[in-house]
Structure formats: structure tokens, C-alpha cells
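Novice: Pasting a structure here, questions to come.
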Amino acid sequence: MKSLTYLSVISLFAAAMIMAFGMADLSAEGDPDVDPPLAPLGPVPEPLDNKITPEKAELGKMLYFDPKLSGDASLACSDCHAPKQGWGFSDPICRGYPGTVHWRNCQTVVNTGFLGKLFWQGNAKSLEKQAKTAATGGVSGNGEADVMEQRLRQTPYYVEKFREVFGTERPILNDAWLAISTFERAQLTQYDTPLDRYLEGEIDALSPLAVQGMELFTGKANCIECHNGAMLTDEKYYNLGVPRPFEWEESGLNAITFRFELYAKGSHEKYYREFKDDLGLYFTTKRPSDMGKFRTPPLRYILFTAPYMHAGQFYTLEEVIDFYDEGGGENEMTGRAGNKTPILRPLNLSDEEKEALVAFLEELSGEEIVMATPKVPPYEAFPDVAGLSQAEAKRIGLEFHLSAKAKN
Ligand code: HEC
Ligand code: HEC
């Protein structure tokens, strides 16, 4: 008897392990049992090595609007993440560095302080790293680090502000990314949406139709499976079968960027030749099973960020709902890698239910965040005479500046 009990304990344990591992497998695709509920947005996380201060945020704001942080000093963050275009860009596929187009839809920067995985591919882990990638990437900022740094050093406004904020004698480019991230966290976070107010107990904050939409979202339509928690994303990756963008077939400029990215992000030669679509997470992991998977995007502020999906395949929220109602779609990777998420199934939504879902999605955004474009500071030759002796300064023709400085 005793040994039998012992055995059954072991088999129970084994069954539990199998279940646990089974669940772990499933949870990679979104486990039905562990979805965090929708929640109001808490305070924005503040990295220990980049504390938020109002002065740093103001400096970051100026840098965000300043085209000096790009290759030819023509393209600021705000040219692609434009305040009046939902802090993103309204074309399906984003504009690119002059002479190029981008290859993905431009995401909003609003509320990005809450994300642990940035970009459609989830391949930047912090706003600081992301800003640097944005300013230097071939089809985005295309900036050269030393040149961008010199530009800051020859701008008296920045020399003064970097000294105040970071305590450095001259601006250091890396600190620019810290300042921009601080601006995003401090000034581009939106707490006060109808959803937040509703979840905090203000039951009139959502219309009855939106409440019905929320019930569908968390119930029959099963959006909560992936769009959950305060940011409405599980930050996991799925291939929904979003169709291939037509631009890569019809526009030479788009095809150039597409081919460039396939190479630059490092795909297998065979895939470079054969694939005609964005391989998404595959570029990070190089696992064929990850082809065509993208990070679940957050759904806050989406009222202002059309078009939708990684290459702006859908113009309206209605189109997005129709796509899910049909159980998602098909693309090259759902066919070849066979990895369309099993979570999407036809939903059989009525017209009224679709309307309710859209009404709910619209309540995930508060007022539009408007901000006037600041006037960016001009260059001025800024000779570096600190620490030079009179003789050294004379040798490089700067003795005048040294004596002028000494007189002050
Ligand atoms: C040429 C246009 C362009 C410029 C310039 C640009 N971005 Fe972007 N940004 C994009 C596009 C397109 C994406 C999505 C790219 C992807 O996922 O591969 C993106 C993604 C992001 C994201 C990720 C959002 C998310 O939900 O994960 C952040 C944050 C961001 N950019 C901030 C910046 C900052 C800060 C700058 C300036 C230093 C900047 N960007 C410059 C086009 C641009
Ligand atoms: C299996 C996980 C999953 C489920 C379930 C799911 N989504 Fe998504 N959602 C995603 C992913 C991943 C993307 C990006 C896909 C892409 O671009 O290829 C996305 C994109 C979106 C977008 C576009 C966001 C943007 O910024 O472009 C909206 C809106 C959206 N989903 C709403 C919904 C709604 C409403 C439901 C329920 C009917 C739902 N989703 C169900 C994972 C999911």
C-alpha cells in the first residue's frame, strides 16, 4: 500500500510537471490562464541610471526636435514621430532618411516608457538603446556618432545645458540618448484615459457601448489573450497572418529598403533569395519558427496612430476588427513556416459587436498630446581652449580666445 501511494504521488508529480511544461509551451503563444487583467497605468518606470528630472526632460525635448541628431542634419525624431500624427507617421510605411523610405510602420512614442521590448521586432530593450539605434540606423537617422557629437559641442545652448544636467565640460553623445528617453518618459506618458478612469471606479467614464466592447475584448473576442495588462500588450510575439504590404511589389524605392534590410539584419542566403516578406522576430533569433512574428503592440493612444500593423496594412480600426473576425489572415510565413498563431479563430461578431469593440478601442486614448515645436538652437564656433597654455593656444591660432576667456 505504502509503495503504491508513493508511486501515485510520483505519477501525480510527473503529471503536474507535464502540465507545467505543457503550459510553459503554450504560454509562449499566450496561455489562456495567465492573462493579467486590464489595469490603470501606474507611474512610469524610472531607470536607476537615468533618473527623471525636469531639466533633463527639457533638454531631451529640444534634442527630440533637433535634426542635428541625424546624418545630414535634416531629420529629427519629430519628423518621423510627429506630434500631429499621433507622435508617429501617417503613411502606412514610414518615411526614411533622405533618399530612402523605411520598411515598417512608424510607431507612436507615447507611453513607450512602459515597454520592455521596443520596435515591431522587440529588438531594443530600453528607450536609451532605442534612441541610439534610431539616430544611427541606415534608413532612419543614418547619423555618424562623432559628427553628431561635434554638432552638439558647437552649439552653445547644448554646451551649457549638458553641463548643467550631466556635469560634463562638453556634451557627450551618449547623454543625448539619456535626455531624449527622459523626455519621452516625463512628457509623453498619458495616464488619464477614459479606460483608466473607468478602472479606477468612475463608471461613467466609458459609454455603455464601450463597456460592451470591453466585455467582448476580454471575453468572446479574446483580445485579452495577447493585449493585456496596463499597456494592453503581453510583449510576446505572434504571426497573425497579416498580409504582405503591396509596396514591396509596386515601388522600387520600397523594394530597395526591403532587400537592404534582409541583408543588414542577417537572413540566410536562401531566405534572402526566396522570401518576399518581413521575417520579423526571425531576424533576432534566426529560428525559422519565428518567421513573421511581431511583438504584440500596445493599444493605448491608437485613436491617433492609424494606419495599423507592422507595415500599416489597415487604415481603420474597423478593418482591424474585420481581420480578427475572420480569424486573422494568411501570409508567406503562415504557409511556409506554418506558424500562424492557433489562438486566432473566426469570431462571428455581429455588426453591433464590431461597433462596440471599436468604441472600446477608441477609449484607450485620452486627449491628443499637443506640443509646439521649439526653435532649435544655432551653431556657433566654440573653440576649445580650456586647459591650453598661452603657447599651445598660439600654435593653433586660438590665443585670442584664451585671453578673452581669461579676461572674463
Ligand atoms: C526615418 C524615420 C524615423 C526617425 C528619424 C526616427 N524614428 Fe523612431 N521609429 C521609426 C519607425 C519606422 C519605427 C518602427 C521600426 C521597427 O519596428 O523596425 C520606430 C520606432 C521607434 C520606437 C519604438 C516604439 C515601440 O512601440 O516599440 C521609439 C521609442 C522611437 N522610434 C523613438 C525614436 C527617437 C527617440 C528618435 C530620434 C532619436 C527616432 N525614433 C527617430 C521611424 C523613425
Ligand atoms: C494572438 C495574439 C493576439 C490576439 C488574440 C489579438 N491581437 Fe491584436 N495584435 C497582435 C499582434 C502580434 C499585432 C501586430 C501584428 C502585425 O503587425 O503583424 C496586433 C495588432 C493589433 C492592432 C494594431 C495596433 C497598431 O499599433 O498598429 C490592433 C488595433 C489590435 N491588434 C487589436 C486587437 C483586437 C481588437 C483584438 C481582439 C479582437 C486583438 N487585437 C487580438 C496580437 C494579438
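FYI, it's all coordinate maths here, none of it is from the lab. Note that the coordinates shown come from a computational prediction; the quantities given were computed from them, not determined experimentally. Please note: Cβ atoms are built from the backbone with ideal geometry, for glycine as well, and neighbour counts cover all protein chains shown.
Novice: Students often check this: by mean Cβ neighbours within 10 Å, which of 35-45, 219-229, 63-73 ranks highest, and how do the rest follow? Display every interim value, and only then the final one.
Specialist: Values: 35-45: 13.9, 219-229: 19.2, 63-73: 21.5.
In decreasing order of mean packing, 35-45, 219-229, 63-73 become 63-73, 219-229, 35-45.
Novice: Also, quick follow-up: Starting from the Cα of Ala255, step 7 Å along the direction of its Cβ; do the same at Glu352; then give the gap between the two resulting points in nm.
Specialist: Distance between the two pseudo-spin positions: 5.0 nm.
Novice: I've got another one for you. Which Cys residues of the chain have no other Cys Cβ less than 4.7 Å away and so no disulfide-compatible partner by this rule?
Specialist: Cys77, Cys80, Cys223, Cys226
Novice: In terms of the Cα gyration tensor, with a ≥ b ≥ c the square roots of its eigenvalues, is the stretch 120-188 rounded because a/c is under 1.5, prolate because a/b exceeds b/c, or oblate? Write down the numbers at each step before the final one.
Specialist: Working: a/c = 2.60, a/b = 1.42, b/c = 1.84.
Oblate, because a/c is 1.5 or more while a/b does not exceed b/c.
Novice: Sticking with this structure for a sec: Within the stretch 122-159, find all residues whose amide N lies under 18 Å from a label point positioned 7 Å from the Cα of Glu380 along Cα-to-beta-carbon.
Specialist: Answer for this model: 150-159.
Novice: Please check: in the Gaussian network model of the chain (C-alpha springs, under 10 Å), which one of Leu347, Leu59, Leu357 has the largest mean-square fluctuation.
Specialist: Leu347
Novice: If you don't mind, another one. Could you work out which residue, out of Arg287, Arg104, Arg95, moves most in a Gaussian network model of the chain, that is, has the largest mean-square fluctuation with Cα springs under 10 Å?
Specialist: Arg287
Novice: I'd like the FRET efficiency for Ala73 and Asn174, computed as 1/(1 + (r/R0)^6) with the beta carbon distance as r and R0 of 25 Å, rounded to 0.05. Provide the component values of the computation, followed by the final result.
Specialist: Working: r = 19 Å, r/R0 = 0.76.
The pair Ala73/Asn174 has a calculated efficiency of 0.85.
Novice: Shape call for the stretch 287-330 from the C-alpha gyration tensor, a ≥ b ≥ c root eigenvalues: rounded (a/c under 1.5), prolate (a/b greater than b/c) or oblate? Kindly include the intermediate steps, with their values, before the conclusion.
Specialist: On the way: a/c = 2.28, a/b = 1.44, b/c = 1.59.
Oblate.
Novice: For the stretch 192-362, take N as its residue count and report Rg(C-alpha) divided by 2.2 N^0.38 Å. All intermediate terms of the calculation are to be shown ahead of the outcome.
Specialist: Numbers: Rg = 17.7 Å, N = 171, 2.2 N^0.38 = 15.5 Å.
So the Cα radius of gyration is 1.14 times the expected 2.2 N^0.38 Å.
Novice: Would you please report the Å³ per residue occupied by the convex hull of the alpha carbon atoms in the chain?
Specialist: Values: hull volume 89.1 nm³, N = 408.
Expressed per residue, the convex hull around the Cα atoms of the chain is 218 Å³.
Novice: Between Gln390 and Val370, what length in nm is gained on full extension when 0.36 nm per residue of separation is reduced by their alpha carbon distance?
Specialist: On the way: separation 20, 0.36 × 20 = 7.20 nm, distance 5.10 nm.
Here the answer is 2.1 nm.
Novice: With N residues in the stretch 54-190, what two-decimal value do you get for its Cα radius of gyration over 2.2 N^0.38 Å?
Specialist: Working: Rg = 14.1 Å, N = 137, 2.2 N^0.38 = 14.3 Å.
Relative to the rule-of-thumb radius for its length, the stretch 54-190 sits at 0.99.
Novice: Using the charge dipole of the chain (Lys, Arg: +1 at Cβ; Asp, Glu: -1 at Cβ; taken about the Cα centre), state which of Ile224, Ala372, Pro36 has its Cα farthest towards the positive end.
Specialist: Farthest towards the positive pole: Ala372.
Novice: While we're on this one: Rank the residues Lys270, Lys125, Lys236 as a footprinting-exposure proxy: fewest other Cβ atoms within 10 Å of their Cβ go first. Walk me through the intermediate numbers first.
Specialist: On the way: Lys270 8, Lys125 12, Lys236 19.
With the fewest neighbours first, Lys270, Lys125, Lys236 line up as Lys270, Lys125, Lys236.
Novice: Do you know the relative contact order of the chain, to the nearest whole percent, from alpha carbon pairs under 8 angstrom that are 6+ apart? Walk me through the numbers on the way to the answer.
Specialist: Working: 651 pairs, mean separation 85.9, N = 408.
Result for the chain is 21 percent.
Novice: Write out the GluC sites (Glu not before Pro) in the stretch 156-216 meeting two conditions: DSSP loop, and at most 14 other Cβ atoms within 10 Å of their Cβ.
Specialist: On the way: sites: Glu160, Glu164, Glu169, Glu184, Glu200, Glu202, Glu215; in loops: Glu169, Glu200, Glu202.
For GluC sites (Glu not before Pro) across the stretch 156-216 that sit outside H, G, I, E and B with at most 14 neighbouring Cβ atoms in 10 Å, the list reads Glu169, Glu200, Glu202.
Novice: For the stretch 148-230, what is the Kirkwood estimate of the hydrodynamic radius, computed as the reciprocal of the mean inverse distance between distinct Cα atoms, to one decimal in Å? Before the final figure, lay out each step's value.
Specialist: Values: mean 1/r = 0.0604 Å⁻¹.
Roughly 16.5 Å, rounded to one decimal.
Novice: Let me ask something else. Using 0.36 nm times the number of residues separating Glu215 and Tyr157, minus their current alpha carbon distance, what extension gain do you get?
Specialist: Values: separation 58, 0.36 × 58 = 20.88 nm, distance 5.19 nm.
Full extension from Glu215 to Tyr157 adds 15.7 nm.
Novice: OK, next. One quarter of the convex hull surface, Cα atoms only: what value does that give for the stretch 312-380 in nm²?
Specialist: Answer in nm², one decimal: 9.2.
Novice: Going by alpha carbons, how many degrees (0 to 90, nearest 10) lie between the helix axis of 156-166 and the longest principal axis of the chain?
Specialist: In the chain, helix 156-166 runs at an angle near 60 degrees to the longest axis.
Novice: Also: Given H placed 1.01 Å from N in the peptide plane, which residues other than close sequence neighbours of Gly280 have an amide H under 5 Å from its amide H?
Specialist: Gly292
Novice: Springs between alpha-carbon pairs under 10 angstrom, Gaussian network model over the chain: which of Ala82, Ala186, Ala205 fluctuates most?
Specialist: Result for the chain, Cα springs under 10 Å: Ala205 fluctuates most.
Novice: Note down the nm distance, to one decimal, between modelled labels 7 Å out along Cα→Cβ at Lys51 and at Ala39.
Specialist: Here the modelled spin labels are 2.6 nm apart.
Novice: Please give the FRET efficiency for Glu164 paired with Glu326, using the beta carbon to beta carbon distance and R0 = 45 Å, rounded to the nearest 0.05.
Specialist: Working: r = 56 Å, r/R0 = 1.24.
FRET efficiency, Glu164 to Glu326: 0.20.
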